[in-house]
Amino acid sequence: MGILNLKYTLKEIGDGFNYGLSLSKFRQFNASLLDLGDISAIGEERNSLAAVFDLEDFTSFCSQIDPHLVIPEYLSTFLDWLFWSVSHNVIQKEEKRSIILWCQLPFYAKFLGDGVLFLWDTKTLEPEMIGNVVQSLRSICEDYRKSLLPEISKSVSTIAPKRLRCGIARGQIVPIGEGKDFVGPCINLASRLQKLEQFSFAFSNRGFSLERCFTQAAHKDFVLIKAPIRGIGEGELIYVLKNEFRLLDNNERKRFKP
């Protein structure tokens, strides 16, 4: 990402004024501003798990009086906590000079304005490890509500975002430029799932077999639904939390029946 700081001159045109730039300054506005490197470079596809975290009602939170005095501090606290949570949830054992992880850390993270995209390389991840990633992300959403929100609410006068939502999907991604950004249907799907109806946590059925990825005890926490996902499909199979599904009325439950 880049910021273009240009100094304009005022040029009198007829009865008014317009903005003037030197030709060299004008030419600075180009695709290099995106800081993606060589965009034409062909990238190698890789298998990935995409998780998109989103702060519910963050836009409303930003509309408070003098947001510039509150939002930076809130985001700094939230982002530090989120990255700490993602990294510490995969620690299996701490040794004197090293840390043993049960899973690799995400290889990519991107701030989305009201949340964060994380990407994991799934090439060497066993099914149970993939299930552990899902459970870890679920616990992070719960920890936000139980731990971070009560603490951070003490320092803001406007109600902070009450829920941290998360959508998860698997699939192939392609690097853009020199690997500074990525595109792929799984990223789009994860982004759509994090704002699916009233659900705060959802993951695609594709690549997430309950039997292979989760313990028997974890099966009871999820329910399979079918829902239209814009730009993806009209009848996508998705797992959501059973306790959130039970909060729906009978008509809504019928609407999501697979």
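The values are calculated or read from the model by the stated rules, or taken from the named source; none is laboratory data. Source: prediction; values computed, not measured. All Cβ positions, glycine included, derive from the backbone under ideal geometry; neighbour counts span all protein chains shown.
Quick look at the values:
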| quantity | calculated |
| --- | --- |
| Candidate set from segment 36-57 (those that are in a loop (DSSP other than H, G, I, E, B), in contact (Cβ under 8 Å) with a residue 40 or more places away in the chain and of a type in the set (A, V, I, L, M)); member that is farthest from GLY115 (Cα to Cα) | ALA41 |
| Qualifying positions in segment 84-129 - among the β-branched types (Val, Ile, Thr) and farther than 18 Å from ARG165 by Cβ | VAL90, ILE91, ILE99, ILE100, THR122, THR124 |
| Long-range neighbours under 8 Å by Cβ, at least six apart or interchain, first residue in contact (Cβ under 8 Å) with a residue 40 or more places away in the chain within segment 128-146, second among the hydroxyl-bearing types (Ser, Thr, Tyr) | ILE130/THR122; GLY131/THR215; ILE140/SER85; CYS141/SER200; ASP143/SER85 |
| Residue in segment 25-35 that is farther than 16 Å from TYR144 by Cβ, in contact with a strand residue (DSSP E or B) (Cβ under 9 Å, 6 or more places away or on another chain), assigned to a helix (DSSP H, G or I) and not β-branched (Val, Ile, Thr) present | yes |
| Among the candidates ILE130, ILE100, residue that is among the hydrophobic types (A, V, I, L, M, F, W, C), surrounded by fewer than 13 Cβ atoms within 10 Å (Cβ to Cβ) and not in a loop (DSSP other than H, G, I, E, B) | ILE100 |
| GLY171 vs. criteria touching a helix residue (DSSP H, G or I) at 6+ places or on another chain (Cβ under 8 Å), at positive phi and assigned by TED's automatic domain parsing to the domain that holds VAL90 | yes |
| Pairs, first without any contact (Cβ under 8 Å) to a residue 12 or more places away in the chain in segment 161-185, second surrounded by fewer than 20 Cβ atoms within 10 Å (Cβ to Cβ) and assigned to a strand (DSSP E or B), C-beta under 8 Å, six or more apart | VAL183/VAL174; VAL183/ILE176 |
| Lone unmet requirement of (1) of a type outside the set (Val, Ile, Thr); (2) at positive phi; (3) outside the structural domain of VAL86 (by TED's automatic domain parsing) for PHE29 | (2) |
| Some residue of segment 66-78 being within 17 Å of the chain's Cα centre (by Cα) and small (Gly, Ala, Ser) | yes |
| Search result, residues across segment 103-127 that are under 11 Å from LEU49 (Cβ atoms), of a type in the set (A, V, I, L, M, F, W, C) and surrounded by fewer than 17 Cβ atoms within 10 Å (Cβ to Cβ) | PHE107 |
| Residues of segment 146-183 satisfying the condition of being modelled with pLDDT of 95 or more and under 14 Å from the mean Cα position of the chain (by Cα) | LEU164, ARG165, CYS166, GLY167, ILE168, ALA169, ARG170 |
